[in-house]
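The values are calculated or read from the model by the stated rules, or taken from the named source; none is laboratory data. This structure is a prediction, so every number in the text was calculated from the model and none was measured. Because the Cβ atoms are built from the backbone with ideal geometry, glycine has one as well, and the counts that use them run over all protein chains shown.
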Amino acid sequence: MPFFYPSGLSNLLMPFTLANVVLHILVAIGVYNDSTDRVAAGRKLWFVGVQVWTFATLLGGITTAAIYWMIHHSMLARPEPSSLDIQ
């Protein structure tokens, strides 16, 4: 037997659901743009490629984007060697 919300509750939840879908799409676009820029600049992505990070962010939203940021941009990320480093 399917579960149905009372009609007033489903109408109340619709704007939040749509806002959540739009937020996931926008964050996934941001991760896609950043990851393609990283690859074009010759830097590597950790664990998976551009498409997988984008799809995971589309499903996971802000949480997955935060994980992507911690791995690639935060102080926890391993610094990448640059051409300016003295060896």
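Of all residues being touching a residue at least 12 places away in the same chain (Cβ under 8 Å) and not polar (S, T, N, Q) in the stretch 30-43, which is surrounded by the fewest Cβ atoms within 10 Å (Cβ to Cβ)? Just the residue, please. Only one residue fits best here, namely 43. Which residue, of 13, 45, is touching a helix residue (DSSP H, G or I) at 6+ places or on another chain (Cβ under 7 Å), at negative phi and at pLDDT below 90? Unique residue meeting the criteria: 45.
Taking the conditions exactly as written (loosely packed, with under 15 Cβ neighbours inside 10 Å and among the β-branched types (Val, Ile, Thr)), does residue 50 satisfy them or not?
no
The residues in the stretch 43-75 that are closer than 11 Å to residue 28 by Cα and part of a loop (DSSP other than H, G, I, E, B) can be counted, and the count is 1.
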